[in-house]
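Written out below as structure tokens is the structure these notes cover.
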């Protein structure tokens, strides 16, 4: 096993993976204001992290309090696994009109887009696992980025007396609590934008309470 | 590559001029290059004098205030832009720095539109340019030109002689003419004629005022034939009368009159209607003493039909507050006036909300203010803390009734937020079903806090034990107070918990008489006047007042004054606590004005030597009162 692992390490990685890793080599600590965050969401064929496949990835970047519309990502993937029952949620059909690319191509674009940004997702562990499994299937390592889960962050933002550990804080619930319009809900890009706005509103809440530092944001 | 977000931006922009004049694919090109900017309330987009940006802005959600700053540092609002409005157009028209400041009036989202691409696609579109020039002109138009400007603030400009009179003790009529409650109207009218007076006070056997008869009562009830001329005075008098204690100021007197919509106040020995009548203060007396007053603001509030009007009235109160502070008005009076205005604003907001509700309230209710508004200590805009108590309803109606009041709570908090009172971050508002309950549930809630005290209860006590009635059925509030005092009889542990909490912030002086400044990153080297100086006094006052079972005194300074009356041994200490509290609130308010925030954090460096000394003097009473608490509640070993 050890040998195996050793060889794996030596094996040739594609350039785009090496480029991605290079972003993490230099250690730079920047303040929250100037950090690039990327909020993203995946639409999948289902909720099985191994069996199911990613159908589309949507992502938006946040710097300061600004979301530049020309710096967004919207990818549709060619499907090997198809499940009719989830179509009604995400609305992506096998031979839809969107221009589709292969998984490997999608990873390439996605990694080049996110670089070393801090990633934000709602119920992040699922989206993270989906992307990681994709990477592993194509012989690469897992994502190196820091992650922030808006669900967890929301719970942290609550006043101690309202914390309810039993409640699943859905994106829809957060939308209504934080007054974010749920436009284009259940498309990857729509959900990514909603997640980004939710994140900004939470940051503002935390900022008011002076909790705003990296330790607080990144530690679960 | 697809960009759905650009399409959503496009969908929004296409509804508003000038973008509706553009071709679809041109507008989409612009939409792709837009930046979506999120703004918290108070965030500044650009400041007067800033070099121009390469973008202009469209409001997506929320509202942006544009104002300019005069040489006297006065902020004059020029325009408030909301959904679909453009602002920051100057760089489109002229390459010069901004002349106005743009600030988020509430939480907002704006689109920043890059000017170069906008120019490229709209180059030869005259409609677009016509619109932009007009929009630019209206945004820059300043309705408050120099002369009007002075007119607007003339009511509130320092006019020392007048304002000092305002806080003088009111000059009321002593030994007023009275008639006995068994006498006939005819006798009373003859008395009024003989003394050439327009009103007469009706008193009982013990000289306590029971009613009042004015000229208009005689006109409306006798001349019309409703009552015969020899009827008993009791039949036509207005009753009960509103009473005051004798050292009331002109300001208080007038506020009371506006509040109850009456023209006469009875001055009695102890200020209640249960003691001997000693004088009468008429509206005329008040007008004779002064000209312009905050009652103008109160009237405006009472007449307001929309939240927007309430906001402007409340903003005027801020100007008033500022000028009072500059003139060193007694802070006690200032607090009273602002508390009255805040209550009036809330009452009006509730009345407006009630009209918006689909039906009348199913049962009677009381709207209560909590925390600093409950203590009547709010000077600047702060968070709103409030709750609703409603009458008991049968089990099957409970859900429906609560839903009604929660809905009402939502409407009211929304408009209070528009007026400038921020939402309570801990959601302690009537719009939260947790704090919108029946009287029985509230009693149970308080009993639970008192008898099963935990950290959560103590956390909440600082807010909930300072409630005061604002609107609706007052007896509900009294009922709740009574029940709380009954429950307090059963335990002494609760006092110990409160005591421990009151001691959590020791006097703010460290070694070598250094100020204990904040150590964490964000507020490094700032002095937190609220937590370290004001709250210890507030907590101590609450604890002592609860222990002494005193009802209806909520203001911290008044609480200490009341304590000084009943506890002779510590009289001086309580008085100095009252004084310290007033001085500290003044510090906080002044700092708040200086930095346009709540004034919670003070930069010690910016204070003059004299101010530092003054501030320091306030700390001694904090130390002393904490020592008293330690002994009285035996807290030395209680952890």
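The values are calculated or read from the model by the stated rules, or taken from the named source; none is laboratory data. Treat the numbers as computed from the prediction; the structure is a model and nothing was measured. Quick reminder, even Gly has a Cβ in these numbers, built from the backbone with ideal geometry, and neighbours come from all protein chains shown.
Mind listing whichever residues of segment B:77-109 are assigned to a loop (DSSP other than H, G, I, E, B) and buried (at least 17 other Cβ atoms within 10 Å of the Cβ)?
Filtering segment B:77-109 down to residues assigned to a loop (DSSP other than H, G, I, E, B) leaves B:83-85, B:88-89, B:94-100, B:105-107.
Across segment B:77-109, the qualifying residues are B:85, B:88, B:89, B:98, B:100, B:105, B:106, B:107.
The residues of segment B:212-225 that are modelled with pLDDT of 85 or more and either part of a loop (DSSP other than H, G, I, E, B) or at positive phi (or both) amount to a single one, B:224.
Consider residue B:280 carefully, then state whether it is closer than 27 Å to residue B:329 by Cβ and assigned to a strand (DSSP E or B).
Numbers: closer than 27 Å to residue B:329 by Cβ: yes; assigned to a strand (DSSP E or B): yes.
For residue B:280, the condition - closer than 27 Å to residue B:329 by Cβ and assigned to a strand (DSSP E or B) - is met.
The lone criterion from (1) in a loop (DSSP other than H, G, I, E, B); (2) farther than 21 Å from residue B:372 by Cα left unmet by residue B:623 is number (1). Can residue B:325 be described as surrounded by 15 or more Cβ atoms within 10 Å (Cβ to Cβ), under 27 Å from the mean Cα position of the chain (by Cα), in a helix (DSSP H, G or I) and outside the structural domain of residue B:581 (by TED's automatic domain parsing)? Answer is yes for this residue. Scanning segment B:427-452 for residues that are within 14 Å of chain A (Cβ to nearest Cβ) and over 27 Å from the mean Cα position of the chain (by Cα) returns B:448, B:449. Only a single criterion out of (1) surrounded by 15 or more Cβ atoms within 10 Å (Cβ to Cβ); (2) outside the structural domain of residue B:340 (by TED's automatic domain parsing) is not satisfied by residue B:302, namely (2). Counting only residues that are closer than 20 Å to residue B:470 by Cα and not in a loop (DSSP other than H, G, I, E, B), which one in segment B:239-250 is modelled with the highest pLDDT? Residue satisfying both the conditions and the ranking: B:243.
Among the helices (runs of 4 or more DSSP H) lying completely within segment B:353-467, list those that include at least 2 residues that are out of contact with any helix residue (DSSP H, G or I) (no Cβ under 9 Å at 6 or more places or on another chain). Walk me through how you get there before you give the answer.
Values: elements: B:371-374, B:395-419, B:439-451, B:455-464.
The helices (runs of 4 or more DSSP H) meeting that bar are B:395-419, B:439-451.
Exactly one residue out of B:552, B:499 is more than 14 Å from chain A (Cβ to nearest Cβ) and at pLDDT below 80: that is B:552.
Matching residues to (1) crowded, with 18+ Cβ neighbours inside 10 Å; (2) in the same structural domain as residue B:334 (by TED's automatic domain parsing); (3) within 20 Å of residue B:340 (Cβ to Cβ):
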residue	(1), (2), (3)
B:559	yes, no, yes
B:565	no, no, no
B:568	no, no, no
B:571	no, no, no
B:574	yes, no, no
B:577	yes, no, no
B:587	yes, no, no
B:591	yes, no, no
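Residues that are touching a residue at least 40 places away in the same chain (Cβ under 8 Å), touching a helix residue (DSSP H, G or I) at 6+ places or on another chain (Cβ under 9 Å) and within 12 Å of another protein chain (Cβ to nearest Cβ) within segment B:9-42 comprise B:9, B:12, B:13, B:29, B:30, B:33, B:34, B:36, B:38, B:39, B:40, B:41, listed in sequence order. Looking across segment B:459-478, the residues that are surrounded by fewer than 17 Cβ atoms within 10 Å (Cβ to Cβ) and farther than 19 Å from residue B:376 by Cβ come down to B:459, B:475.
Got at least one residue in segment B:603-615 being out of contact with any helix residue (DSSP H, G or I) (no Cβ under 6 Å at 6 or more places or on another chain), buried (at least 21 other Cβ atoms within 10 Å of the Cβ), touching a residue at least 24 places away in the same chain (Cβ under 8 Å) and part of a helix (DSSP H, G or I)? Quick ask: steps written out before the conclusion?
Kept after step one, since they are out of contact with any helix residue (DSSP H, G or I) (no Cβ under 6 Å at 6 or more places or on another chain), are these residues of segment B:603-615: B:603-615.
Pick out the ones that are also buried (at least 21 other Cβ atoms within 10 Å of the Cβ) and you get B:615.
Pick out the ones that are also touching a residue at least 24 places away in the same chain (Cβ under 8 Å) and you get B:615.
Those left that are additionally part of a helix (DSSP H, G or I): B:615.
Yes: one or more hits.
A residue that is at pLDDT below 80, surrounded by fewer than 16 Cβ atoms within 10 Å (Cβ to Cβ) and under 20 Å from residue B:55 (Cβ atoms) occurs somewhere in segment B:111-124. On the stretch given as segment B:98-130, residues that are within 22 Å of residue A:181 (Cα to Cα) and within 14 Å of chain A (Cβ to nearest Cβ) total 9.
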